[in-house]
1. Once you place label points 7 Å from the Cα toward the Cβ at B:Thr20 and A:Gln51, how far apart are they in nm?
2. Treating only the Cβ of Lys, Arg, Asp and Glu as charged (+1, +1, -1, -1), what charge dipole size does chain A show about its Cα centre? Round to the nearest 20 debye.
3. On a 27 Å Cα-Cα criterion, which of the cross-link pairs A:Lys65/B:Lys70; A:Lys65/B:Lys26; B:Lys56/B:Lys103; A:Lys65/B:Lys69; A:Lys7/B:Lys26 come out too long?
4. Please report, in debye to the nearest 20, how large the charge dipole of region B:45-111 is about its Cα centre when each Lys and Arg carries +1 at its beta carbon and each Asp and Glu carries -1 there.
5. In debye, nearest 20: dipole of the protein assembly as shown around its Cα centre with unit charges on the Cβ of K, R (+) and D, E (-)?
6. Suppose R0 equals 30 Å; then what is the FRET efficiency for A:Glu86 and A:Gln28 from their Cβ-Cβ distance, rounded to the nearest 0.05?
7. Tell me, how many Å apart are the Cα centres for region A:40-105 and for region B:23-94?
8. Select from B:Ala78, B:Phe88, B:Pro8 the residue farthest towards the positive end of the dipole of chain B; place +1 on Cβ of Lys and Arg, -1 on Cβ of Asp and Glu, and compute about the Cα centre.
Amino acid sequence: SAVISQKPSRDICQRGTSLTIQCQVDSQVTMMFWYRQQPGQSLTLIATANQGSEATYESGFVIDKFPISRPNLTFSTLTVSNMSPEDSSIYLCSVPGTADEQFFGPGTRLTVL
Amino acid sequence: SQQGEEDPQALSIQEGENATMNCSYKTSINNLQWYRQNSGRGLVHLILIRSNEREKHSGRLRVTLDTSKKSSSLLITASRAADTASYFCATVASGYSTLTFGKGTMLLVSP
């Protein structure tokens, strides 16, 4: 199984600012996924990040709001731009395993005031 | 996109009892998975069952899948306080590689 770390683990931000979340994996992976989990809700896929290509965004999510970088096979960042209180969520990255399962990072808990 | 529905939304039991959670989904799937999340932290993969399987066991976990009813159940036997967590089902639709999560069941196991 992959070991995934995320930075920061939590943050409190002012509306209108941006936060970049880092995701580091201990092995090389082709795909990485970014999810949002709003308070008391389930996980929603934001985008799939492939190394060397543009991220693929799900319906309801746009690159201007959630730009993603994937500079190499072990690292990705998700930026939450021009934040509002509605962006307060846990953001998680994940990578696929060998049998269709996914391994998740510990999450970044974001509060926007 | 499909979204799983789970019931119950919350379940409270005593240690030693069994806990059963159900999940329904809407479209054809390649597989269905169950994950556990402790206190808003990262998710842990528990078990995966493929569309051609009907039942699967892993330790104290038993998962069933009924593709005709588009439903699955997760049974945790002899529950422990450490099983207290939120449990999510997630499906991989046929022809896709991404997960679609259900709404989850919050399980509280009291000592």
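1. Placing both labels 7 Å along Cα→Cβ, they lie 4.6 nm apart.
2. Approximately 300 debye in magnitude.
3. Long pairs (Cα-Cα over 27 Å): A:Lys65/B:Lys70; A:Lys65/B:Lys26; A:Lys65/B:Lys69; A:Lys7/B:Lys26.
4. Around 60 debye, computed over region B:45-111.
5. Charge dipole of the protein assembly as shown: 100 debye, to the nearest 20.
6. 0.30
7. Between the Cα centres of region A:40-105 and region B:23-94 lies a distance of 23 Å.
8. Farthest towards the positive pole: B:Phe88.
A short reminder: the numbers here are calculations on the coordinates, not readings from a lab. Computed from a predicted structure; not experimentally measured. When we count neighbours, we look across all protein chains shown, and the Cβ atoms used for this are built from the backbone with ideal geometry, even at glycine.
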